Amino acid sequence: MSKYMLKRLFSMFLTLFVVITIVFFLIRMVPGDPLASMARNLPEQVKANFYAEYGLDKPLITQYFIYMKHLLHGDFGESLVYLGQPIKEIILRAIPPSMVINIHALLWGVTTGIGLGILAAYKRGKWPDHLVMFIAILGVSIPSFVLATALQYLFSVQLNWLPTIGWTSEPGMKQFKYSIMPTIALSFGIIAVYSRYMRASVLDVLNQDYILTAKAKGVSGFSLAYKHVLRNSFIPAITILGPQIAGIIVGSFVIESIFGIPGFGQVYVSAITNRDFTQILGQTVIINALYIFSLFVVDIVYGLVDPRIRVFNK
Amino acid sequence: MQISKADFIIEGLITQTIDHKMRPSLTYGQDAWRRLKLNKIAMLSLFILIILTLMCILGPSLSGYDFKTTNTLQLNFPPSLQHWFGTDPLGRDLFSRVWQGGRISLLIGFIGTFICITVGTMYGGISGYIGGRADHYMMRVIEVLVSIPSLVMVILLSLYLGSGMLSLIIALTAFGWTSTARMIRGQVLQIKQQEFVLAAVSLGASTARIILKHLIPNTLGIIIVDITFTIPGLIFAEAFLSFMGLGVQIPNTSWGALAASARDNIMFYPYQLFFPSLMIALTMLSFSLLGDGLRDALDPKLRS
């Protein structure tokens, strides 16, 4: 078991390393740099010093090694747009709003999705099934920015119930009001995915022989549904839950931009528009590390919940 | 002495009844089409998609307005007999623009899918058939590509390549082929164990011939289903890029770009958002329903 884990851990870090390298060079090949507009009117010597201060005068490959060295010490560098601002602080500031919205969306989306999926599977071929499947397909058919805009139009412009955009960092009623629409917009897609997944999973379990055995020995009703069917159907759902938990911190680019939430996603989008190399890089590294780590955790958890999958003995 | 065929009679054989019991033999395609025709939802989706495609081809010339001609006297007109979908803030006819945008959206979907499927099928086929160490490393490459959140990569690539149709397609396809490759590889791993592959090998067929003529045609079912999911996926991704201002550039437009620009005026002119969004949703909906139907039709074993 530990040998497998170590191997997995090693390949995880290798993947992360390759990804960081690719992203580093990809970002640096993007034409235009944020310092150029600031340094335009400076005398040549000052300009050279300016670039040297941020290490941009050295060859790209040297810059790469310097960056990697700093990264290993947990230093993400400084923003090139908001000079003097460490990336680490910008990111730490942006994480809480993203987390609030995404935890709401995930809790609401996963529970509703799973509930609807189970309902659809048990009522297979009847109208609840068709309704749930229709919602599920609709959920993946409407772009989230359209849904978000439609929500703003309905609840803010027409009904005037909720504030259109904005955020407050203090938890409370005001924050809750700001979080309602982003939560709905984000959870719609989650509901769609989970209800489809759960329906297929429950149907699959219902066809298994052990369900027949359980029925034959007289287990019925709630006990059958909970102990035999649902417990086993949750397993596939874990696979898609992993990346989504990473998404709690990462947030959503589109939804956060639309609702003006100063979260991880919005900061990332603005860094892209400003061509802020170090910040794009720093945030991409975090996104990737979280994503790869979540896949790793899913692998381990999968083996723990389902003894049929013996990943550890491979 | 002349003996004709008619002089011989096979004793005890009644040909008529055997002939009558035979069903007409159907090819794979005919069989799948026969099953698909029974699926009403899939047929309706197919019908909607054909209509949408036809409208994208004919639509821009139907209304009599050019999609990029501005008219300062008719700004933000609501839908009327004159302008069927209304006009935008520059007075351009939205009916023309929606279908012109559809051309771009569908084109990106079709071309992008063609590239993704071709690359993915080749990659997966080679990786699966050759196996061993090559397979191991090829899968590692995919693992790296998959672990980069695709939207992030697409954004970075389109920043690097600049905006425009071609760079958009490159950015979208550069990472889009991995899921196809994985799927084809899995399928090829199963098929290559079968006897006809062994037969081809012993007859001296080259590796390329076995992959192209024997393995890939046998994965056609899942390729077709994959196509129906890749096209809307790309249209969706393009819409998101347009929303972030990284999509097609003016004066050209796409459904995503139209929806994104309509967001600015949502307070006063919601219809400007409604039409392009409706087209995106319809396309997505139809493709996924058709894909579900095709999966059942092409491989009845997979029917859920």
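The values are calculated or read from the model by the stated rules, or taken from the named source; none is laboratory data. What you see is a predicted model, and the numbers here were worked out from it, not measured in a lab. No Cβ is skipped: glycine too gets one built from the backbone with ideal geometry, and neighbour counts run over all protein chains shown. Protein only, heavy atoms only, side chains kept; ligands, DNA and RNA dropped before computing areas. Shrake-Rupley method; radii C 1.70, N 1.55, O 1.52, S 1.80 Å.
Here is how the numbers come out for the structure above:
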| item | result |
| --- | --- |
| Square roots of five times the Cα gyration tensor eigenvalues for chain A, Å | 44, 28, 14 |
| Solvent-accessible surface (1.4 angstrom probe) belonging to A:SER257, in square angstrom, nearest 10 | 40 |
| Förster radius 35 Å - calculated FRET efficiency between B:TYR137 and A:ILE245 (Cβ-Cβ, nearest 0.05) | 0.70 |
| Stokes-Einstein D (µm²/s) once Rh is taken as the Kirkwood radius of the stretch B:218-264 over alpha-carbon pairs, at 4 °C in 1.567 mPa s | 110 |
| Of B:ALA199, B:ILE142, B:LEU156, farthest towards positive along the dipole that unit charges on Lys, Arg, Asp, Glu beta carbons give chain B | B:ALA199 |
| Listed residues A:LEU60, A:LEU6 arranged by accessible area, highest first, probe 1.4 Å | A:LEU6, A:LEU60 |
| Cα-projected label distance for A:ALA200 with A:PHE293, points at 7 Å along beta-carbon direction, nm | 2.9 |
| Euclidean distance between Cα centres, the stretch A:235-278 to the stretch B:230-285, Å | 21 |
| Nearest-20 debye value, the protein assembly as shown charge dipole, Cβ charges on Lys, Arg, Asp, Glu | 1500 |
| Dipole moment magnitude, nearest 20 debye, chain A about Cα centre, only Lys, Arg, Asp, Glu C-beta charged | 1260 |
| Residues in the stretch B:240-269 that, when all protein chains are in place, have 20 Å² or more less accessible area than the chain alone would give (probe 1.4 Å) | B:PHE240, B:PHE243, B:MET244, B:ARG263, B:ILE266, B:MET267 |
| Residue (of B:ALA260, A:PHE145, A:GLY166) at the positive-pole extreme of the protein assembly as shown, dipole from beta-carbon charges | A:PHE145 |
| Mean accessible surface per residue for the stretch B:233-284, computed with a 1.4 Å probe while every protein chain stays in place, in Å² | 35 |
| Extreme residue, positive dipole direction of chain B, given options B:GLY101, B:GLN190, B:SER80 (C-beta unit charges) | B:GLN190 |
| The stretch A:96-275: C-alpha pair distances exceeding 31 Å, % | 28 |
| Accessible carbon and sulfur surface of chain B relative to its total accessible area, %, 1.4 Å | 65 |
| Extension gain, A:THR213 back to A:LYS123 (0.36 nm per residue minus Cα-Cα distance, nm) | 30.2 nm |
| Translational diffusion of the stretch A:121-192, µm² s⁻¹ [Kirkwood Rh, Cα pairs; Stokes-Einstein; 20 °C; 1.002 mPa s] | 155 |
| Sites B:PHE196 and B:PHE110, calculated FRET efficiency, Cβ-Cβ separation with R0 35 Å, nearest 0.05 | 0.60 |
| Between A and B, accessible area buried - total, square angstrom, nearest 100, 1.4 angstrom probe | 3400 |
| Surface per residue (accessible, 1.4 Å probe) for the stretch A:148-213, Å² | 52 |
| Scattering profile of chain B at q = 0.07, 0.10 Å⁻¹ [log10 I(q)/I(0), Debye over alpha-carbon scatterers] | -0.40, -0.70 |
| Around B:ILE142: net Lys/Arg minus Asp/Glu count, Cβ-Cβ under 13 Å | +1 |
| P(r) histogram, all alpha-carbon pairs of the protein assembly as shown included - 10 Å bins from 0, percent | 3, 13, 22, 25, 19, 10, 4, 2, 1, 1, 0, 0 |
| Angle in degrees between helix A:127-141 and the longest Cα principal axis of chain A, rounded to the nearest 10 | 10 |
| Stokes-Einstein translational diffusion, the stretch A:44-119 - Kirkwood Rh over all Cα pairs, 0.890 mPa s, 25 °C, in µm²/s | 153 |
| Label point at A:SER270 placed 7 Å out along Cα→Cβ; residues across the stretch A:83-114 whose backbone nitrogen lies under 18 Å | A:83-101 |
| Helical segments meeting 30 Å axial Cα length and Kyte-Doolittle 0.5 threshold in chain B (DSSP H) | B:40-62, B:94-130, B:220-243, B:271-298 |
| Dipole magnitude of chain B about its Cα centre (Cβ charges: Lys, Arg +1; Asp, Glu -1), debye to nearest 20 | 340 |
| Heavy atoms of B:ARG295: accessible area, 1.4 Å probe, square angstrom to 10 | 90 |
| For A:PHE259, net neighbour charge (Lys/Arg +1, Asp/Glu -1) across residues whose Cβ lies under 15 Å away | +2 |
| Complex-versus-alone comparison for the stretch A:129-147, residues with a loss of 10 Å² or more in accessible area, probe 1.4 Å | A:PHE134, A:ILE137, A:LEU138, A:VAL140, A:SER141, A:ILE142, A:PRO143, A:SER144, A:PHE145, A:VAL146 |
| Net length gained if the chain between A:HIS70 and A:PHE134 were fully extended (0.36 nm per residue, minus Cα distance) | 18.0 nm |
| Rounded percent of accessible protein surface that carbon and sulfur make up, chain A, 1.4 Å probe | 67 |
| List B:ILE111, A:ILE238, B:ILE211, ordered by accessible area with a 1.4 Å probe, largest first | B:ILE111, A:ILE238, B:ILE211 |
| Heavy-atom accessible area order for B:ASP7, B:ASP66, largest first, 1.4 Å probe | B:ASP7, B:ASP66 |
